[in-house]
Amino acid sequence: MNNIFIAGHKGMVGSAIVRQLNQDPNNNLITADKTELDLTNQQAVNDFFAQNKIDQVYLAAAKVGGIHANNEYPAEFIYQNLMIQANIIHAAHQNDVQQLLFLGSSCIYPKLAEQPMREDALLTGTLECTNEPYAIAKIAGIKLCESYNRQYGRDYRSAMPTNLYGINDNFHPENSHVIPALIRRFHEAKQANAPVVKAWGTGKPMREFLYVDEMAEASIFVMNLDNETYQRETQPMLSHINVGTGIDCTIKELTETVAKVIGYQGTIEWDTTKPDGTPRKLMDVSRLERLGWKAKISLEEGLTTTYAWFLENQDSFRG
């Protein structure tokens, strides 16, 4: 039996990992929600690890949000993420957990990084200012893993996903990412027969999107790669792996695709007073593809599945 702790099991990525790991009867999943375990509390995390015989850790817990949330709450974003990561990684080491996968974000790369962004672009330039605190925390998580590997011989790996969407996404009207925000906006506009929907920015930035169940599949794949294969494609101080589709689109194209999936027939107007964020974010996923994993779900297919789930659960998104 494999005892696996999924930190952040109720979040979009964590819940997708849980769904996939539950398909194997040899996996015994260990979880704790916020009422049971405060991941920012070092003593509480240490005690939790001491009480549970854990073989693997998926570190999917994080404070996350879109441009608005990152601008409004920078202190919470850097503090909470640093504490969560440091507490879990250190407790894993202290309790002799050999395998851990840390999940980061594509925002770790410089704002003007050469596209597509390779893993070796890390720490080569200035970050996007709107989410710098969050990005700094995620970079620290990568370096925590690498440092425990180098000093103690641990096998702590890091996967950097592109923009994710799907089941269990956050559809909050202000603090959500672009896809759930658009789904909710177009759905409500369709229900109200609104003639116009306003979208943020110019629509010109390029973005890449990965359906969350594929992120979960890739995470489990990376976690369970044999050491020889993993080390052939990584370096001790450049060990993280990009996870994405390797395909991007403009925000305008995305917005029009969401409108199509939802069946909204009105007009889309662009509010150019709102920030665009990073001009382009496309992952170079050649390292992951060489290791043997490639995304398969198209954007329209993933959006259709996500909207179907939204319709089934929309009562929980009120307010």
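One residue stands out among those in the stretch 111-126 that are modelled with pLDDT of 95 or more, of a type outside the set (Asp, Glu) and crowded, with 19+ Cβ neighbours inside 10 Å: the one that is farthest from residue 96 (Cα to Cα), which is 116.
Can residue 166 be described as surrounded by fewer than 22 Cβ atoms within 10 Å (Cβ to Cβ), more than 26 Å from residue 228 (Cβ to Cβ) and small (Gly, Ala, Ser)?
Details: surrounded by fewer than 22 Cβ atoms within 10 Å (Cβ to Cβ): no; more than 26 Å from residue 228 (Cβ to Cβ): yes; small (Gly, Ala, Ser): yes.
Here the answer is no, as residue 166 does not meet what is asked.
Scanning the stretch 176-200 for residues that are over 18 Å from residue 306 (Cβ atoms) and out of contact with any strand residue (DSSP E or B) (no Cβ under 7 Å at 6 or more places or on another chain) gives 192, 193, 194. Checking every residue in the stretch 273-288 against the condition of being within 23 Å of the chain's Cα centre (by Cα), surrounded by 14 or more Cβ atoms within 10 Å (Cβ to Cβ), farther than 29 Å from residue 20 by Cα and of a type in the set (Val, Ile, Thr) gives at least one match. Residues in the stretch 125-151 that are touching an Asp or Glu at 6+ places or on another chain (Cβ under 9 Å) and among the β-branched types (Val, Ile, Thr): 126 only. Go through the stretch 221-233 and count every residue that is without any contact (Cβ under 8 Å) to a residue 12 or more places away in the chain and surrounded by 11 or more Cβ atoms within 10 Å (Cβ to Cβ). So the count comes out to 3.
Among the residues of the stretch 141-155, which ones are in contact (Cβ under 8 Å) with a residue 12 or more places away in the chain and either outside any helix (DSSP H, G or I) or surrounded by 17 or more Cβ atoms within 10 Å (Cβ to Cβ) (or both)? Don't jump to the end; show me each part of the working.
The initial filter retains those residues of the stretch 141-155 that are in contact (Cβ under 8 Å) with a residue 12 or more places away in the chain, namely 141-142, 144-146, 148-150, 152, 154-155.
Selection gives 141, 142, 144, 145, 146, 148, 149, 154, 155.
Could you list, in sequence order, all residues of the stretch 129-165 that are in contact with a strand residue (DSSP E or B) (Cβ under 9 Å, 6 or more places away or on another chain) and under 26 Å from residue 178 (Cα atoms)? 138, 141, 142, 158, 159, 160, 161, 162, 163, 164, 165, listed by residue number.
Residues 251, 241: which one is crowded, with 21+ Cβ neighbours inside 10 Å, over 29 Å from residue 185 (Cα atoms) and either touching a Lys or Arg at 6+ places or on another chain (Cβ under 7 Å) or among the basic types (Lys, Arg) (or both)? Give the derivation first.
Numbers: 251 fails: over 29 Å from residue 185 (Cα atoms).
Sole residue among the options that is crowded, with 21+ Cβ neighbours inside 10 Å, over 29 Å from residue 185 (Cα atoms) and either touching a Lys or Arg at 6+ places or on another chain (Cβ under 7 Å) or among the basic types (Lys, Arg) (or both): 241.
Within the set 297, 262, 268, the sole residue that is in contact (Cβ under 8 Å) with a residue 24 or more places away in the chain and under 19 Å from residue 208 (Cβ atoms) turns out to be 297.
Output the strands (runs of 3 or more DSSP E) that fall wholly within the stretch 195-314 and possess 1 or more residues being at pLDDT below 95, or say none. Working first, answer last.
Values: elements: 196-200, 209-211, 241-243, 267-271.
Where strands (runs of 3 or more DSSP E) fall fully within the stretch 195-314 and carry at least 1 residues being at pLDDT below 95, they are 196-200, 267-271.
Every condition in (1) under 19 Å from residue 207 (Cβ atoms); (2) part of a loop (DSSP other than H, G, I, E, B); (3) in contact (Cβ under 8 Å) with a residue 60 or more places away in the chain; (4) out of contact with any Phe, Trp or Tyr (no Cβ under 8 Å at 6 or more places or on another chain) holds for residue 160 except the one numbered (2).
Number of residues in the stretch 17-47 that are touching a residue at least 24 places away in the same chain (Cβ under 8 Å) and either within 14 Å of residue 223 (Cβ to Cβ) or of a type in the set (Lys, Arg) (or both) equals 6.
The values are calculated or read from the model by the stated rules, or taken from the named source; none is laboratory data. The structure presented is a predicted model; accordingly, all values stated were derived computationally and were not measured. So basically every Cβ, Gly included, is an ideal-geometry build from the backbone, and we count neighbours across all protein chains shown.
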